[in-house]
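Enquirer: Pasting in a structure now, in structure tokens, and then I'll have a few things to ask.
The values are calculated or read from the model by the stated rules, or taken from the named source; none is laboratory data. These numbers come from a predicted model, not from an experiment. Note that each Cβ is placed from the backbone with ideal geometry, even for glycine, and that neighbours are counted across all protein chains shown.
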Amino acid sequence: MKILVCISRTPETTAKISFSADGKSFDGSGVSFIMNPYDEWYALVRAVELKEKHGGTVTVIHVGTAESDTVIRKALAIGADDAVRIDAEARDAFFVANQIGHFAKDQAFDAILLGKETIDYNGNEVGAMVAELLDLPYISYASSLQVDDGTATIKRDIEGGVEVVKVSGAFVLSAAKGLAEQRIPNMRGIMMAKRKPLQVLDPIDVDQQVTVEGFSLPDEKSAVKMVDPENMDELVRLLHEEAKVI
Amino acid sequence: MNDVLIFAESQNGVLKKTTFEVVTFGRKIADAVGGQCHALVLGTVNNPGDLGKYGAHAIHHADNKGYDSFDGRDFSAALSIAAEKLGASTIVVPHSANGRTILGRLAIRLNAGSVSGANGIKTADSGLSFTKGVFSGKAKASLQLLSEKKVISLMGNSIPVEEIGSNVKVQSIELPAPQNRVLVVEKQTVEGTVPLPEAELVVSAGRGMKGPENWNIIEELANSLGATTACSRPVADTGWRPHHEHVGQTGVAIRPNLYIAIGISGAIQHLAGVNNSKVMVVINKDPEAPFFKAADYGVCADLFDVVPRLTEAINKFRAAQN
């Protein structure tokens with residue numbers, strides 16, 4: 001199988017979030033960045049597993065500046081064969097998807113995998129956009145993926161349950177928890193990653209469709225009101241009369 | 001071209017609660033820009049006329065069985081073709097598993113700017129802008145769409161459903177037949193309870209429960225409230241509860257009116273999935289549990305003692321109300 005995995009770079013999960021003085025951009029100073037966990041733990045690892053089982057190649061693609069190269073090397077250390085970096089700031093989903101679609105359109109990938117969302121902008125948009133650009137089926141929130149004789153059987157999370165779908169031929173898939181188990185790169189992988197090819201390409205022009213008016217932090221929560229464990233009637237009263245939720 | 005088209009999503013032939021929220025939201029956009037709000041209903045659906053009550057000016061139904069199984073490609077094609085026919089420049093879909101699968105495709109098809117998971121709308125002289133949560137609930141963003149066409153997915157439980165419309169006759173609409181390239185072989189969903197992302201009341205429990213055999217007290221509390229049950233990641237990982245009940249960063253993100261967390265310490269990854277809840281109640285015997293800092297109401301006690309008494313108090317309250 002010839003597989004493309006789209007990887008994104010995000011602040012680590014416990015990073016403190018702050019914004020520039022004008023509130024229009026994320027302030028990344030002092031923040032450590034990681035590969036987006038859904039891309040890494042689930043999409044990339046499942047792609048590598050499929051390669052190990054069926055043969056083929058795994059290419060990773062990333063839209064970002066040279067600052068991302070450590071994240072890309074990690075993906076190569078986990079088991080991708082080669083990497084492509086589109087040399088541009090990842091402005092928004094529409095921009096990123098168009099870069100990926102442009103790269104992938106003549107490459108005949110059997111599968112394009114990515115995480116269900118990035119943990120920073122939480123868009124879940126790039127997968128569907130890439131699928132539309134390439135006119136491929138798109139299956140979101142996959143928690144299981146099996147491929148036999150060119151037919152993929154996929155379990156996807158839906159509200160309150162799962163749906164099992166089959167698709168023939170090439171497809172785009174977004175990965176949720178359960179698709180694979182996180183892999184820690186070993187020393188051999190890390191050494192080999194240094195010699196694997198990383199191709200840097202110029203971006204294509206894409207219209208800007210969205211502008212950020214501003215980011216803000218949530219309002220401070222007022223202090224917790226402790227309720228006497230012996231008096232649950234009081235908690236019910238508060239939920240009814242004060243919070244008005246029951 | 002100021003009209004709005006909304007996707008009326010259904011599940012097993014029944015319009016979803018999030019669909020009514022989307023209609024109300026679509027109507028508000030239409031009112032703000034001086035247009036009409038159209039609803040598109042796809043496949044076998046009961047009572048599509050209900051959409052009028054919540055704000056649709058016109059209801060269009062493509063009653064083709066090919067839409068009874070979901071393929072995002074067919075659904076986004078249907079929506080974009082209908083939008084063109086009806087002259088709608090803004091499309092709103094629910095931010096559900098299927099809605100999210102459609103949104104990005106629509107953005108490409110229509111060369112439209114998109115807002116994924118909007119939870120509000122602001123009107124200003126410069127035009128409309130949309131708010132949404134970012135950084136897994138740790139911040140908010142306000143976005144403006146520069147494009148002529150706009151596509152938006154609305155986060156569930158973000159706005160109240162309002163009866164701002166009236167009865168509207170359902171019209172049929174001709175759309176190209178769906179191709180069904182994605183074949184749905186099986187669907188396993190829990191029956192009889194509101195799915196978590198749509199639930200207004202959620203009772204959630206964690207490792208403090210000590211084992212799956214103790215869940216009856218959680219279910220009894222949920223029943224007394226008419227709430228949906230959820231759980232923390234370790235509970236789903238050890239198989240005490242099904243995977244779809246897992247709320248948190250890697251599980252389902254929810255924003256109910258009331259979230260009751262029982263025996264959950266409140267790690268940052270858990271909070272990321274629930275911190276948009278309107279009111280949070282935390283029951284934990286550890287006074288140092290980080291969850292108390294995020295909670296509105298806290299009860300510091302042994303859950304096995306306090307949960308049954310809370311259930312009893314709620315039953316008493318419900319009985320008094322009736």
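Enquirer: Can you name every residue in the stretch B:17-58 that is touching a helix residue (DSSP H, G or I) at 6+ places or on another chain (Cβ under 9 Å), part of a loop (DSSP other than H, G, I, E, B) and surrounded by fewer than 23 Cβ atoms within 10 Å (Cβ to Cβ)?
Expert: B:GLY35, B:GLN36, B:GLY43, B:THR44, B:LYS53, B:HIS57
Enquirer: Right, something else. Does any residue in the stretch A:82-99 that is among the basic types (Lys, Arg) come within less than 7 Å, Cβ to Cβ, of a residue that is modelled with pLDDT of 95 or more six or more places away or on a different chain, and which pairs are these?
Expert: A:ARG85/A:HIS62; A:ARG85/A:GLY64; A:ARG85/A:SER68; A:ARG85/A:ILE72; A:ARG85/A:LEU198; A:ARG85/A:VAL200
Enquirer: State all residues of the stretch A:200-220 that are in a strand (DSSP E or B), in contact (Cβ under 8 Å) with a residue 40 or more places away in the chain and within 7 Å of chain B (Cβ to nearest Cβ); if no residue qualifies, say none.
Expert: A:VAL210, A:VAL212, A:GLU213, A:GLY214, A:PHE215, A:SER216
Enquirer: Given the structure, is B:THR228 within 29 Å of A:ALA176 (Cβ to Cβ) and more than 11 Å from chain A (Cβ to nearest Cβ)?
Expert: no
Enquirer: Here's a follow-up. What is the one condition in (1) under 30 Å from B:LYS285 (Cβ atoms); (2) modelled with pLDDT of 95 or more that A:ILE246 does not satisfy?
Expert: Just one mismatch for A:ILE246, condition (2).
Enquirer: Right, here's the next one. For the stretch B:156-176, what are the residues that are at pLDDT below 95 and among the aliphatic types (A, V, I, L, M)?
Expert: B:ILE159, B:VAL161, B:ILE164, B:VAL168
Enquirer: Conditions first: (1) farther than 18 Å from B:ASP31 by Cα; (2) buried (at least 21 other Cβ atoms within 10 Å of the Cβ). B:LYS140 passes all but one, so which condition is the exception?
Expert: With (1) farther than 18 Å from B:ASP31 by Cα; (2) buried (at least 21 other Cβ atoms within 10 Å of the Cβ) applied to B:LYS140, the lone miss is (2).
Enquirer: Tell me which of these A:VAL210 doesn't satisfy, since it passes every other one: (1) within 27 Å of A:ALA88 (Cβ to Cβ); (2) at pLDDT 95 or above; (3) crowded, with 18+ Cβ neighbours inside 10 Å.
Expert: Single failed check for A:VAL210: (2).
Enquirer: Checking the condition more than 7 Å from chain B (Cβ to nearest Cβ), in contact (Cβ under 8 Å) with a residue 24 or more places away in the chain and more than 28 Å from A:ASP92 (Cα to Cα), which residue from A:ALA176, A:ALA180, A:ALA152, A:ALA170 passes?
Expert: A:ALA152 is the lone residue from the list that is more than 7 Å from chain B (Cβ to nearest Cβ), in contact (Cβ under 8 Å) with a residue 24 or more places away in the chain and more than 28 Å from A:ASP92 (Cα to Cα).
Enquirer: Could you please find all residues in the stretch B:82-110 being assigned to a helix (DSSP H, G or I) and within 17 Å of B:GLU9 (Cα to Cα)?
Expert: Answer for the stretch B:82-110, where residues must be assigned to a helix (DSSP H, G or I) and within 17 Å of B:GLU9 (Cα to Cα): B:ALA82, B:ALA83, B:ALA97, B:ASN98, B:GLY99, B:ARG100, B:THR101, B:ILE102, B:LEU103, B:GLY104, B:ARG105, B:LEU106.
This table checks each residue for (1) at the interface with chain A (Cβ under 9 Å from one of its Cβ atoms); (2) surrounded by 22 or more Cβ atoms within 10 Å (Cβ to Cβ).
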{"site": "B:SER116", "(1), (2)": "yes, yes"}
{"site": "B:LYS132", "(1), (2)": "yes, yes"}
{"site": "B:SER147", "(1), (2)": "yes, no"}
{"site": "B:MET155", "(1), (2)": "no, yes"}
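Conditions (1) closer than 30 Å to B:GLU191 by Cα; (2) modelled with pLDDT of 95 or more; (3) crowded, with 24+ Cβ neighbours inside 10 Å; (4) touching a strand residue (DSSP E or B) at 6+ places or on another chain (Cβ under 8 Å), marked per residue:
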position	(1), (2), (3), (4)
B:GLY266	yes, yes, no, yes
B:LYS285	no, yes, no, yes
B:ALA295	no, yes, yes, yes
B:ALA301	no, yes, no, yes
B:PHE304	yes, yes, no, no
B:GLU312	yes, yes, no, no
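Enquirer: Hey, any hits in the stretch A:14-33 for a residue that's touching a residue at least 60 places away in the same chain (Cβ under 8 Å) and under 16 Å from A:ALA180 (Cα atoms)?
Expert: no
Enquirer: Could I ask something else about it? Does the stretch A:133-147 contain any residue that is part of a helix (DSSP H, G or I) and within 13 Å of chain B (Cβ to nearest Cβ)?
Expert: yes
Enquirer: Output the residues belonging to the stretch A:179-199 that are part of a loop (DSSP other than H, G, I, E, B) and of a type outside the set (S, T, N, Q).
Expert: A:LEU179, A:ALA180, A:GLU181, A:ARG183, A:ILE184, A:PRO185, A:LYS194, A:ARG195, A:LYS196, A:PRO197 - these are the residues of the stretch A:179-199 that are part of a loop (DSSP other than H, G, I, E, B) and of a type outside the set (S, T, N, Q).
Enquirer: Further, regarding this structure: Among the residues of the stretch A:165-178, is there at least one that is crowded, with 18+ Cβ neighbours inside 10 Å, of a type in the set (D, E, K, R) and not in a strand (DSSP E or B)?
Expert: yes
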